[in-house]
Amino acid sequence: MDKELSVIDRKIHRSQGKDSLDEVKVGDWFWVKHKDWSDEEKRELFCVKHIGSNYLEFTHHYKDRGTTGFRLHFDDFEESCKKENNWKEYINNRIAIVQKQIREKTNKMIEEGGRLYLIKIGTSEEYTGTLLPSTVSADPDKYKSELVKFQTETMPKIQEDIKNLSIEYGGLTKDLSMSDLVRFELVKKAFEKVQDRIFNIEIYTGIKESIKQIAEGEPALLNEPISIRQQLLYMDEECLIDFDKGGMDFESLNDFDKWVAKPENLSRILPEQKAIVGFRVRRNSKEYSIPRSLFDIFINIQKDLANLQTYLLIRNGKNIYRIASQVDFSPRLIPRKDEIGEKQFLEYDHWDRKKEPKLITPDNVKYDDHVEKMDEIIRQYNCIFILIQGLLDRAFVFHPHPGIKLNRSEDIGKWIKCIRDEETGLPNATITFEEYRNQLNKTLRKGKWVWSNWVPSDLGTYSWNSNLSRYTAREYQIVHRPEVCKVVRISRDKSHVEITWETNVLSWERVNDTINRHLNVPIDQIFNLSDYTKGDYKMFLCDRALQGKYLEWAPPLLTAEKMKLEKKRRRIEVKEEKQPGFTDPIGPNGPPFPED
């Protein structure tokens, strides 16, 4: 703040009798020659709002356009600017003139209204036996024309003049406090720097974090570097907990801890012996129950916020820790290779993004904006290094370790390993889920088992209990059918598949009877369970380029995986218990989940 409030320390040649750029301060007023929005050159009184590295930013209140301003390069200062030391006196004089003009316009309105007997001005008229004054009764047509002229010309013109003068008056009164306001902005920026430092202290000391150890064992070797994984991951996409219920949320954190502690999962998430990776619970919002009150809306909002909480998963050998932090590490923990540097000084054409970007150099008045933008990015990514330094100095999660100081570049190069998995990681899947599904569906035959949750659009998803009259028994059983059904017919053009399932008859007389229902389903809404190959779901599970689409592929794929595992288990049991003449109850196309 002191730097910005002080005189600019620049040695620029000035001719005698000219205002010196070295003496300019925020809050000073200058007559500035410039071109306005209509490209007309004019000289107006402006206040210095900000002093940049190569420019002065001027501002004032301009009529009905509110606060307006522009930037002037230092090189144009002498030619364009003349300091106004008595700016308050000038503005007050201008305010007095505007006030006088408003009074004059108001008096003119009163005089015209009085002349036409629209406004009473203190004189009494002689009663003539009519509703009009005597002067009006003499020539009604003339009086009418004068009234019309007053209504359509005189009054609107005076009103518009008073409106413009009032706007100018408001702007001038605001200009009187402009110097104090722009200085206050400097104080606010200085206060923001104080807040940043407090925030950094909170990160370093761990005031707003909690550490939970979810696995215990031998730590990594002393000389093992700390790996920081770039990509921010999402718990629901990695572990698929509650995939059939819309995916996991913050209430399933303990289940995630158990899942990630398993060696096969840990080796995929954090293969390095001493490493850190960022997590959020979910990428997308979860659909909770429909709110019935303001309290329900508030609860759902709180749940969504809890799902956006950032967690850090830390591995130190066989020790695993989950840290809950108030810091938002999105969109990634460490920057992209080209994110800091020249890229931040490229300016694209607002109207044509395909146009070659312009490089903003230190001579450009927009240069400071790009520097500030890059500084903000650096501050954001510095958070993870401040947190790691705090953990090294005060916590036990990385023990044992040598004395590491991340403010030394040599220590960062030796003890920190940045893994840019977001940039270098290639998608594992060479086929999309739709292509994979269509490929499996080519081998569909009568008698095979399929997965589908498709419902005809004219049936909707109404509740049976609250809409008894909505459905027939057949319609209700279609909506609430099992997702695993059997193929009974395939259309000649292969566009539709007829599926069947067994269900209870909805009748008081025959409540225990069963019946087979049938439904024609488009083939792109069917997944072939019978021809699924065990383990195929992994090609989609490990592909982070899918970005949260697991709710589309997980239900059919994991149902098929469970089917294969169940078949394998039952076949082992059959092999152990098989006696002469025994028949396998499952068979090659048997039901996927036979009763035990």
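Of note:
- Selection of the range 32-66 for residues being of a type in the set (D, E, K, R) and part of a strand (DSSP E or B) yields Lys33, Lys35, Glu41, Lys42, Arg43, Glu44, Lys49, Glu57.
- Tally, over the range 127-154, of residues that are of a type in the set (Ser, Thr, Tyr), at pLDDT below 85 and not in a loop (DSSP other than H, G, I, E, B): 5
- Identity of the residue in the range 257-295, of a type in the set (S, T, N, Q) and touching a residue at least 40 places away in the same chain (Cβ under 8 Å), that ends up nearest to Ser227 (Cα to Cα): Gln273
- Residue in the range 349-358 that is assigned by TED's automatic domain parsing to the domain that holds Gly278, hydrophobic (A, V, I, L, M, F, W, C) and buried (at least 16 other Cβ atoms within 10 Å of the Cβ) present: no
- Residue pairs whose Cβ atoms lie under 6 Å apart, sitting 6 or more positions apart in sequence or on different chains, and linking a residue in the range 220-244 that is acidic (Asp, Glu) to a partner that is in a strand (DSSP E or B), are Glu224/Lys274.
- Failed item, numbered, when Ser124 is tested on (1) surrounded by fewer than 16 Cβ atoms within 10 Å (Cβ to Cβ); (2) modelled with pLDDT of 90 or more; (3) farther than 26 Å from Leu181 by Cβ: (2)
- At least 1 residues being modelled with pLDDT of 95 or more and among the hydroxyl-bearing types (Ser, Thr, Tyr) is the threshold, and among the strands (runs of 3 or more DSSP E) wholly inside the range 191-290 those reaching it are 226-229.
- Inside the range 483-514, residues that are more than 29 Å from Leu444 (Cα to Cα) and either at pLDDT 95 or above or touching a Lys or Arg at 6+ places or on another chain (Cβ under 8 Å) (or both) make up a count of 0.
- Cβ-Cβ under 7 Å pairs, at least 6 apart or on other chains, the range 28-47 side of a type in the set (Val, Ile, Thr) and modelled with pLDDT of 80 or more, far side surrounded by 15 or more Cβ atoms within 10 Å (Cβ to Cβ) and in a strand (DSSP E or B): Val32/Phe46; Val32/Phe58; Val32/Leu72; Val32/Cys81
- Any chance Gly317 is closer than 24 Å to Leu546 by Cβ and touching a residue at least 24 places away in the same chain (Cβ under 8 Å): no
- Taking the criterion of being in a loop (DSSP other than H, G, I, E, B), hydrophobic (A, V, I, L, M, F, W, C) and either at pLDDT 90 or above or within 22 Å of the chain's Cα centre (by Cα) (or both), the residues of the range 331-369 that qualify are Leu333, Ile334, Ile340, Ile360, Val365.
- All of Lys174, Lys157, Lys163 fail the test of being modelled with pLDDT of 85 or more, in contact with a Ser or Thr (Cβ under 9 Å, 6 or more places away or on another chain), surrounded by 10 or more Cβ atoms within 10 Å (Cβ to Cβ) and of a type outside the set (A, V, I, L, M, F, W, C), apart from Lys174.
The values are calculated or read from the model by the stated rules, or taken from the named source; none is laboratory data. Since the model is a prediction, treat every value here as computed from it, not as a measurement. Please note: Cβ atoms are built from the backbone with ideal geometry, for glycine as well, and neighbour counts cover all protein chains shown.
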